[in-house]
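See below for the structure under consideration.
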Amino acid sequence: MKLLRRLRFFFAVVFSVFSAGSAYAHPHVWVTMETEVELGDSKEIIGFRHKWTFDETYTSFAVEGLDANGDGLYSEEELKPLAKTNVEALKEFEYFTFPFIGDKKVAVKEPVDYRMEYKDKLLTLSFTVPLVTPVPYEKIKDFSLAVYDPEMYVSLTFNEKTPVRIVSAKPVACTAHVRDGSSQLGDNIDLSGDIALQTADRITIACKS
């Protein structure tokens with residue numbers, strides 16, 4: 001329980017402190033991410049499988065005291081409480097997962113299949129975020145997904161080699177792309193709006209008819 005309280009305090013600091021001035025926040029945690037867009041039997045979007053690798057500084061803090069058997073390793077079993085705490089802490093922020101059809105946000109469910117692994121001094125959190133209502137195939141052309149921290153305390157950057165891919169129950173002629181959010185910097189930013197969303201990278205999908 002002491003560990004969980006310490007981790008919840010850490011997340012409270014990272015995600016909430018100075019939230020009123022979030023537009024001027026600086027990242028405290030750095031995450032490299034990969035995302036799979038999951039399609040169902042009718043080629044509809046049903047959810048997203050995230051894989052987030054945390055920076056070494058956060059990893060060092062987070063794993064402190066978790067080596068229960070003292071073997072110098074961190075098993076998936078030993079990391080279960082940390083995975084649960086991460087997911088619970090992200091609930092208030094909609095799991096940093098913001099899908100849209102046009103300008104309309106699509107609701108997400110609580111994550112499933114979450115777990116953590118430790119490798120090469122880095123922690124990786126994997127979890128799946130299902131959609132409340134799937135995005136029909138015919139609306140995929142208007143779909144986009146932004147994965148970002150609204151408070152701008154966590155920097156989330158797509159892995160350059162394998163940023164996003166489509167996982168489908170049936171073969172589809174669709175490809176996923178990442179639209180660079182930095183292109184919005186400068187005169188295109190509406191300072192009265194959600195700056196974090198405006199500058200976030202966006203996943204889009206193009207399908208052949």
- [ ] Report yes if some residue within region 46-61 is modelled with pLDDT of 95 or more, over 15 Å from the mean Cα position of the chain (by Cα) and assigned to a strand (DSSP E or B); otherwise report no.
- [x] yes
TODO: Any residue in region 61-88 that's on the phi < 0 side of the Ramachandran plot: show its pairings with residues that are in a helix (DSSP H, G or I) and surrounded by fewer than 14 Cβ atoms within 10 Å (Cβ to Cβ) at Cβ separation under 6 Å, as long as the two are six or more apart or on different chains.
DONE: Thr85/Leu4
Open item on the list: So in region 43-79, with the set limited to residues that are under 21 Å from Pro130 (Cβ atoms) and not hydrophobic (A, V, I, L, M, F, W, C), which one is surrounded by the fewest Cβ atoms within 10 Å (Cβ to Cβ)?
Closed with: Lys51
Open item on the list: All but one of (1) part of a strand (DSSP E or B); (2) of a type outside the set (Ser, Thr, Tyr); (3) closer than 27 Å to Gly40 by Cβ; (4) in contact (Cβ under 8 Å) with a residue 40 or more places away in the chain hold for Arg115; state the number of the condition that does not hold.
Closed with: (4)
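The values are calculated or read from the model by the stated rules, or taken from the named source; none is laboratory data. Given the structure is predicted, the values throughout are model-derived calculations rather than measurements. Glycine also receives a Cβ, built like all others from the backbone with ideal geometry; neighbour counts cover every protein chain displayed.
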